[in-house]
Amino acid sequence: MPFALPISAEDIADALFMSVTTLIGFLIGGVIGLVVGLFAGYAYLDLTSRIADLEATVNSLARDRGDLRERVAELEADRDDAADRDNATGGDDRPDDR
C-alpha cells in the first residue's frame, strides 16, 4: 500500500491561484497601508507645526500682557503722583470746563 497523497493538477493550480491572490492582496494592502500612513504622517506634521505656531503666538501674547501690565502700573503710579502733587499744591490748577 503506497503512502502517496492523492494530489491532482487541479489541486496544484488551486494552490498556486490562492498563493498568487494572497500575495497580490498583501501587496495591495501594503500599498494602501503605506499611502494611509504617509497621509497620516503628513497630517501629524502639519498639526504639530500649527501647534508650534499657536504656542509661539500664546507666548508672545503672554509677554505682551506682562509688558502692558507693567505699563499700566507705571501710568497709574504717574497718575497717583500727579494727584498727590495736585493735593499738595492745594487743588487743581486747571480751569473748569463746565
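The values are calculated or read from the model by the stated rules, or taken from the named source; none is laboratory data. The structure presented is a predicted model; accordingly, all values stated were derived computationally and were not measured. With ideal geometry, Cβ positions are generated from the backbone for all residues, glycine too; neighbour counts draw on all protein chains shown.
Every residue, every condition in (1) at pLDDT 95 or above; (2) loosely packed, with under 10 Cβ neighbours inside 10 Å; (3) not in a helix (DSSP H, G or I), yes or no:
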position: ALA43; (1), (2), (3): yes, no, no
position: ASP46; (1), (2), (3): yes, no, no
position: ALA52; (1), (2), (3): yes, no, no
position: ASN59; (1), (2), (3): no, no, no
position: GLY66; (1), (2), (3): no, no, no
position: ALA73; (1), (2), (3): no, no, no
position: ALA83; (1), (2), (3): no, no, no
position: ASP92; (1), (2), (3): no, no, yes
position: PRO95; (1), (2), (3): no, yes, yes
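For the stretch 4-41, the set of residues classified as outside any helix (DSSP H, G or I) and either of a type in the set (Ser, Thr, Tyr) or in contact with a helix residue (DSSP H, G or I) (Cβ under 7 Å, 6 or more places away or on another chain) (or both) consists of SER8 only.
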